[in-house]
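Data first, discussion second: the structure below is written as structure tokens.
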Amino acid sequence: MKGSTKVANKLFRNFFLWIRSKEFLVFLFFFVVSGFFWGTQAIQEPAEMELDVTVKLVDKPKPVVITEIWPETLKVTVRDKGYNLIGYYFDKVNPIEIRYETYAREDGKIVVSNSDLNKLLKKKLKRTTEVLVIKPDRLEASYNHGGKKKVKVVFNGVLKEADRYFISKVALTPDSVMVYATQDELAKINSVMTQYLSISDISKNETRKVFLKKLKGVKFVPNVVTLEVNADVMRDASTEVPIKAQNVPDSITLNVWPQNVSVSYVTGASNLEAISSEDFEVVVDYKDIEKDNSSEKIQLKLQKSPALVKRPRLASDSVKYSIERH
């Protein structure tokens with residue numbers, strides 16, 4: 001009896017599982033069919049999509065130099081039925097070509113209006129595709145016929161050493177670049193600046209790539225330079241510098257005492273041997289006496305100091321003097 005019951009239960013469970021399995025297959029069938037119809041309906045509805053379209057300038061004469069060019073890729077928002085838009089995923093839009101002779105103007109500009117961009121794009125898109133937005137909405141480039149000159153590069157920024165360190169060298173490589181622009185623009189450009197750069201707490205040698213500051217309608221070759229900054233341990237130093245007299249009439253001899261003055265300064269440890277008293281110039285000016293001869297002293301002026309030192313200071317700001325007339 002128990003055996004019969006077990007067989008009946010097993011048959012019941014198998015039948016129930018068969019029913020469930022059949023229901024699942026039916027459900028799955030209708031789910032797939034409905035999904036197919038839904039997808040078919042969806043791709044027939046209008047939709048929007050953003051496309052990346054490459055822009056190429058073609059047929060440019062060799063002597064012409066492009067000094068400023070538009071972005072290489074347009075961002076184009078289009079509208080069409082879904083199945084047409086899907087096609088753009090698999091078949092990318094061919095680049096649009098901007099012919100130099102068609103759009104170059106005599107003022108050194110190459111300008112492609114929004115309406116012209118629309119016309120060029122429509123030739124690359126399906127006939128049913130509508131162009132909604134183009135970014136940028138117009139293209140503009142600058143050119144010249146090879147006008148150029150070489151100018152110096154000037155560092156633009158702030159370099160600050162760490163405490164008790166000294167910046168012993170600042171160099172740009174290359175230190176000059178070729179500038180391409182119209183003759184009017186070239187006449188205004190005597191040097192070119194780097195983009196602004198600030199480096200603080202410098203305690204070791206630094207090397208950075210720095211782009212040049214952009215100028216509209218101007219091209220630099222190269223447009224990036226290497227900045228080299230060398231840091232050294234700071235040292236205090238001093239040297240005795242002879243005092244020179246200037247603007248003294250031929251009929252007069254100006255005597256000062258003492259004849260030397262101590263100049264103190266800070267520099268990098270590696271620069272100490274490279275600096276001598278001849279790199280400094282301390283003077284007295286006879287014109288100061290002509291302005292005011294009531295004092296028995298004359299002002300000292302530090303007229304020259306080497307680039308390798310910072311904070312040069314005179315031990316005394318004045319010295320005694322005497323005048324001999326011939």
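Tabulated data
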| read-out | value |
| --- | --- |
| Cα gyration tensor shape of region 144-267, rounded if a/c is under 1.5, else prolate or oblate by comparing a/b with b/c | oblate |
| Rg over Rh [alpha-carbon atoms, Kirkwood Rh] for region 102-167 | 1.37 |
| Compactness index (Cα Rg / 2.2 N^0.38 Å), region 260-326 | 1.36 |
| Sulfur and carbon atoms: percent of accessible area, the chain [1.4 Å] | 52 percent |
| Nitroxide proxy distance, nm - points 7 Å out along Cα→Cβ at ASN190 and HIS326 | 3.9 nm |
| Cut-off under 5 Å, modelled amide H: who pairs with SER203 long-range | ALA162 |
| Where labels lie 7 Å past Cα in the beta-carbon direction, separation of THR54 and GLU130 in nm | 3.0 nm |
| Solvent accessible area, Å² - THR182, 1.4 Å probe, full protein context | 60 Å² |
| Pairwise FRET efficiency - LEU120 versus ASN156, Cβ, R0 = 51 Å, nearest 0.05 | 0.80 |
| Charge tally in the Cβ shell below 9 Å around ALA47, where Lys, Arg are +1 and Asp, Glu are -1, ALA47 excluded | -1 |
| Percentage of interatomic Cα-Cα distances in region 222-288 larger than 16 Å | 63 percent |
| Nonlocal amide H pairs with TYR165, under 5 Å, H built at 1.01 Å | MET234 |
| Value of [θ]222 nm, deg cm²/dmol, for the chain, DSSP H segments ≥ 4, -39500 (n - 2.57) each, nearest 500 | -7500 deg cm²/dmol |
| Whole-number accessible area per residue in Å² for the chain, which is evaluated in the context of all protein chains at 1.4 Å | 65 Å² |
| Residue-level accessible surface for ASP175, protein heavy atoms, 1.4 Å, Å² | 80 Å² |
| Heavy-atom accessible area ranking, 1.4 Å probe, most first, across GLU281, GLU324 | GLU324, GLU281 |
| Binned Cα-Cα distances of the chain, short to long, each 20 Å bin given as a whole percent | 19, 25, 23, 17, 10, 4, 2, 0 |
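The values are calculated or read from the model by the stated rules, or taken from the named source; none is laboratory data. None of the values given here were measured: they were computed from a predicted structure. Positions of Cβ are backbone-derived with ideal geometry, glycine not excepted, and every protein chain shown enters the neighbour counts. Surface areas here come from the heavy atoms of the whole protein model, side chains and all, with no ligands, DNA or RNA. Shrake-Rupley method; radii C 1.70, N 1.55, O 1.52, S 1.80 Å.
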